[in-house]
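What follows is a single structure, written as C-alpha cells, with notes after it.
Every number in this text was worked out from the coordinates using simple rules, so none of it is lab data. Keep in mind it's a predicted model, so treat the numbers as computed, not measured. Methodologically, a virtual Cβ is constructed for each residue, glycine included, from the backbone with ideal geometry; neighbour enumeration extends over all protein chains shown.
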C-alpha cells in the first residue's frame, strides 16, 4: 500500500520517528490509525448514548413549563 502525505504531515511523521519513540514511519502510521479507530469507537458510543437519551426524552410524558423546570434545576444544584 502506498500513501501520499502533505509536506506538513510527512514532516510530522518524520519528526516522530526522529524522537526515537518510533522505529519507523510505519509504526507512526499504525499508531495514528489505532488512535483514529479508538476515536471513532468513542464517537459511535456517544452517538448511541445520545440516541438512547433522546428516545427516553421523547417517551417521557412528564411536561414541564420553563419556570417550574428552572426552579427545580436551581433547587437541585444549590
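Going by neighbour counts of Cβ atoms within 10 Å, the residues 78, 27 line up, fewest first, as 78, 27. Set against the labelled values (i) 72; (ii) 64; (iii) 42, percent of Cα pairs over 16 Å apart computed from this structure falls on (i).
Residues 77, 64 in ascending order of nearby Cβ atoms (within 10 Å, fewest first): 77, 64. Look at 17, 28, 63 and count the other Cβ atoms within 10 Å of each Cβ; fewest to most, that gives 63, 17, 28. Placing a pseudo-label 7 Å from each Cα along the Cα-to-Cβ vector at residue 21 and residue 5 gives an inter-label distance of 1.4 nm.
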